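> Please read through the structure below; I'll follow up with questions.
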Amino acid sequence: MPPPDPHDVWSNMTAVNFLELSRRVRVDTERSTPRRTVMIIMKIVGVPKLTKRSGLKRACRLFEGIAMKLNWLFDHALGEKWTHITRAIVSIWLSMCPDQALCRKLMEAAGILQRLLQVVARDADGRSCALQLLSVLALYSLDRCETGLLELIKPLVTLLHNQDDLDVIEDTVVTLAHVFDRQSHVDAPVSVGTVSDILMRPLAQTADTVMELLRRPFPPHRLVVHALPILNHRFRASSLVDITRPHHAPLLNLVASMLRSENITLRSFCVLNFFDLFNPRDELSPITFPATQWTNRSRRLSPDSLRIIEDYGATRCESEQYARSADAFVTAFNRLLRASHRDVCDFGRRLVSIILDGRYHDIIAKENLPNRNMFRSFGLQYTSWIHYLLLAASALHAQGEVDAADTLQIEYLRLTASTEKIVASCKIVVSRNPRHVYAHIQLSLHTEKYEEFARFSKKTMELPGLSPSLRRSILRRCIELTAGNAIGLLRAVSPSDRPSLRFAAELFQRARRTADVFLSESPPDCPENIVVLRLKIMASFVLYGQQLGDDFSELQPSLQAMRCTARLLKDLGYKIQEDTITAEFDMMMHHSREGLKSWGGLITELNRRETGRRTDVLATDLDVLAEQWLEDYIEHGKMPAHCETNRLHFVHTGPVYCGCDGNYLISLLETPSPGLYRCSRCGKRSALVRKCGRCQNAWYCNTKCQTDHWEAHKRQCRSH
């Protein structure tokens, strides 16, 4: 029979015995140092050594018994006002938090948040430690724990307003930043900042207080990096109408002043907030007209628009090309509907020609297609034009026109099937004909991974017969993915990771160069010019914001081109608000000038810290590493491995990196936290994660995480 576990001696203890033991704890710790007090309690309660992974694993296994004993002892010490014991127990809890599995167990333990709030309210000396523990519980809780976290906000906001101690204020801001971040982002993508209505009032109060704190000279670093995400949530939680009200001007000025920071991540923080403020925008929808009406339409253009059209060539303009493609599409259907001209093969060939011209998708989205009653009235076999894609594909295949039949088959799947089926079908077609244009186009446009997009698009751009319109769609996709990867990279790495920041800047440069290529090939009346110009201007602000003049004259040509394109599209019948086409950039430039007047001191201080934080790594080494990553990115579409993790939180990544991952938490144990591995799938850091049995280079919480991550991991795993 195995010996009894010494950690279970309290399992059958009575309340009387517990009181006697708690008094003994008090006597043994009365004259002890804080660290000695912690060690005594850990020995009595049976808490394993928390500075080793083996100790954290055992703590996870024995957590229920340990939590029960610590809770009993904490409640009794709090009632008797044994503050040195309550602080020691909070320190033990704090030492568990670097392990996210233990942290979640603490969050789910009954009454833990209420106990900590009692320490915050009663014990001035233990308040800082309790606030640190609250902040980490909010940071590491793996689910919303909505009720518990929401209960923290009101007392913490009250404490922030009624507190004069700067250390307590700083700890309170840190805690609130983590709570708001958890509540705002757990259900939203990383690029979106949504805040529920119940949080709006305390968030507004906290943001106002934080801005007052930032006005003080030399604000502490932790206060700054946690104040910014609070302001970010406040900014994103406001609607466009609300944020432009006069009382929000200081917030707009502060965010816009970050444009002058030397830190590229802070500049992206500024630009993206203003950029997203006016998004999403509706797609530009033209009032279509037949090619025969082009002459009449051109007569109603303004003199400037008419001059632009004539200089470029009316027959080469997008509106003319679109009108001709629309006419061809209508003609194809009219011939299909008429019994005397009904030839399915001819219908298929005409559709293939329109599809490969590149304007087909816009046509079927905006033209009035034949409806079910029209098909019935003409006595056709099917009542939907989509079915005739398959019928025409079969007819063309029987005629030996395999490439045309494959094009119609892919288009049918694009309209009716899932992305996975489209990609699978396109790969089959490419394996049969490596030069099939439309299969390559759909593979390029339907993949979300840049590595696959780079491979397919590179081959697509080299294919003969690629129409200018389809080429522009590939270029636009390249710009969007490259800029998106740069933004994601800036939000996923530490500001001290200089090679990654250099690499992100190179990605923005690549996006700008691709935008220049697009604009040089695009007609002046192409609606996509608006989107590409917007992305180019955004990248320019992120890259050169600190170097631009007070009047931003360097970007005025791009802004003027954007306004000119908007006027031309409006003259041509597009539904577009010309006066607001550059509104986000105009607002950002205005508030940046105003912000430097009131927040110039803060920006100077941030720039000073940015200079002081730079590592001693030689610039040449940074250039070599960043260039190596860029080469892999261009040739193979590979992002650096450490930049691929999709994190949900904002406060401990990117421009406002706070480092609250257990490193700054110095408990009364005065020993560093053990090195823990993160799950390669969900990012959870714990002593319970286990190695991949094959390659030994990946770690997982459980079988589900390993299975979900297999698609991303299998190539690396099989190479070992």
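> Taking only the C-alpha atoms, wrap a convex hull around region 409-508 and report its volume per residue in Å³ as a whole number.
110
> If each of T604 and R694 carries a label point 7 Å out from its Cα toward its Cβ, how far apart are those two points in nm?
Label-label distance for T604 and R694, simple model: 5.9 nm.
> Hey, got the dipole for region 382-472? About the Cα centre, +1 on K and R Cβ, -1 on D and E Cβ, debye to the nearest 20?
That gives a dipole near 240 debye.
> So what's the net charge close to F347: Lys and Arg +1, Asp and Glu -1, counting the other residues with Cβ under 14 Å from its Cβ?
Cβ neighbours under 14 Å give a net charge of +1.
> Distance in nm between label sites at S520 and H161, each 7 Å beyond Cα in the beta-carbon direction?
Rounded to a tenth, the inter-label distance reads 5.9 nm.
> On the full set of protein chains, 1.4 Å probe, figure out the accessible area of K459 and give it in Å² to the nearest 10.
110
> So how far apart, in nm, are the two label points at E151 and N702 if each is 7 Å from Cα heading toward Cβ?
Using points 7 Å along Cα→Cβ, the separation is 2.6 nm.
> Here's a follow-up. Using 0.36 nm per residue of separation minus the Cα-Cα distance, give me the extension gain between E20 and T33 in nm, one decimal.
Roughly 2.5 nm would be gained on extension.
> Rounded to the nearest 0.05, what FRET efficiency do D75 and E108 give with R0 = 30 Å and r taken as the Cβ-Cβ distance? Could you check?
For D75 and E108, the calculated efficiency is 0.95.
> Another question, then. What is the extension gain from H247 to E452, computed as 0.36 nm multiplied by their sequence separation minus the C-alpha to C-alpha distance, in nm to one decimal?
69.1 nm
> Okay, moving on. Excluding R678 itself, calculate the net charge of residues whose Cβ lies under 9 Å from the Cβ of R678, where each Lys or Arg counts +1 and each Asp or Glu counts -1.
For residues surrounding R678, the net value is +2.
The values are calculated or read from the model by the stated rules, or taken from the named source; none is laboratory data. Note that the structure is a prediction, hence the values are computed from the model and not measured. Here the Cβ is made from the backbone with ideal geometry for all residues, glycine too, and neighbour counts use every protein chain on show. All accessible areas refer to the heavy atoms of the entire protein, side chains included, with ligands and DNA or RNA removed. Shrake-Rupley method; radii C 1.70, N 1.55, O 1.52, S 1.80 Å.
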